[in-house]
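K.L.:
Provided herewith is a single structure, encoded as structure tokens, for subsequent inquiry.
Just so you know, all these numbers are worked out from the coordinates, no wet-lab data involved. This is a predicted model, so every value here is computed, not measured. For neighbour counting, all protein chains shown are included, and Cβ atoms are generated from backbone atoms with ideal geometry for every residue, glycine included.
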Amino acid sequence: MRKIILSLLCLSLVISTYAQDSPYKTNTWKDGAYIAGAVGLNVLGFTFIQNKESLTESELNALNKNDIWGIDRWAAGNYSEDADAVSYIPFYAALGMPLAFLPSKAERNNFGQISVLFVETMATTGVFYTMTAGLIDKSRPLVYNKDLPTSERAEGGAQRSFIAGHTAVASAGTFFAAKVFNDFHPDSKAIPYVWGGATGISTLMGFLRIKAGKHFLTDNIAGFVVGADSGILIPELHKKGNENIDLYPTANFNVNGTGINTKGLALTYKF
């Protein structure tokens, strides 16, 4: 995902011009700085993910699905390679959502600007995903499946169930598309179906990730909310007339150089 975001960043900066009929307003330096900061936080988050520790044999044996919240417990032990493979179809489709606007003249004339907003949306979603997945230790449902090899259940990658990254990406991409379509065509009769499609695709992704044994229900709900909020909020913050609202990545380092105290995104409003 990191390589995809960086590739989209390069593409969007090259074609960031836009026509006057756009409902959005972007600024090369401001948006470029936001994307750079968000990508930086994504890189930091990925280092946390890569450094996730595997479970010890005693920790693995101590896992008990009865300790899981009731809302999630039913998914413990799920595992399906087919569901995992199918889930990548909506995942990559969501990453290519800006291409869906090319047939429409208005969006095509503003494709560079839409691409910038899309990169910001995915980078924002990535910050929440990488930070939570990297810093929160939560075993995936498949870890509770004793028919799987111990090495697969204990590996560090199986201990980052929260939040559901695939669901977050699918939700971000589809809700971004719905929001942009809504803003460019506010009087279209297709708007309810576009929003319904975004909800349906995101829900399907959540179902597939649960069936695959990759995430619990609450992981998917969180991923859905993060993605949908990013997909709607980023375009909304760039709408003409909303210039007083600002969103930017933050990372505060302590004075003793022992690490990072806080990291994430900040939302401000200028009166």
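K.L.:
Send over the semi-axes of the stretch 37-105's equivalent ellipsoid, whole angstrom and largest first, taken as the square roots of 5 times the C-alpha gyration tensor eigenvalues.
P.N.:
Semi-axes, largest first: 35, 21, 12 Å.
K.L.:
Modelling each spin label as a point 7 Å along the Cα-to-Cβ direction, I'd like the Glu236/Thr150 distance in nm, to one decimal.
P.N.:
5.0 nm
K.L.:
Count the net charge of all other residues whose Cβ sits under 10 Å from the Cβ of Asp219, scoring Lys and Arg as +1 and Asp and Glu as -1.
P.N.:
So the surrounding residues net to +4.
K.L.:
Continuing with this model, one more query. Just to check I understand the Karplus step: with θ = phi - 60° and J = 6.51 cos²θ - 1.76 cosθ + 1.60, what whole-Hz values come out for the stretch 39-47, glycine and proline as x?
P.N.:
5, x, 5, 5, 4, 4, x, 5, 5
K.L.:
Moving on. Tabulate in residue order the Karplus-calculated ³J(HN,Hα) for the stretch 108-121, using 6.51 cos²θ - 1.76 cosθ + 1.60 with θ = phi - 60°, rounded to whole Hz; enter x for Gly and Pro.
P.N.:
5, 5, 10, 4, x, 5, 4, 5, 4, 5, 5, 4, 4, 4
K.L.:
Now a separate question. Which cross-chain or sequence-distant (5 or more) residues have an amide H under 5 Å from the amide H of Lys138, H modelled 1.01 Å from N in plane?
P.N.:
Those qualifying (amide H under 5 Å, at least 5 residues apart or on another chain) are Arg160, Ser161, Phe162.
K.L.:
I've got another one for you. Sticking with the crude label model, points 7 Å out along Cα→Cβ, report the distance from Ala36 to Ala190 in nm, one decimal please.
P.N.:
That separation, rounded to one decimal, is 3.8 nm.
K.L.:
Follow-up. All other residues with a Cβ under 12 Å from the Cβ of Arg140 taken together, and with Lys, Arg as +1 and Asp, Glu as -1, what is their net charge?
P.N.:
It works out to a net charge of 0.
K.L.:
Please report the net charge: other residues with Cβ closer than 11 Å to the Cβ of Ala75, K and R +1, D and E -1.
P.N.:
Surrounding charge for Ala75 is +4.
K.L.:
When the chain is fully extended, how far beyond the present Cα-Cα distance does Lys65 get from Leu99, taking 0.36 nm per residue of separation?
P.N.:
Additional length available on full extension: 8.0 nm.
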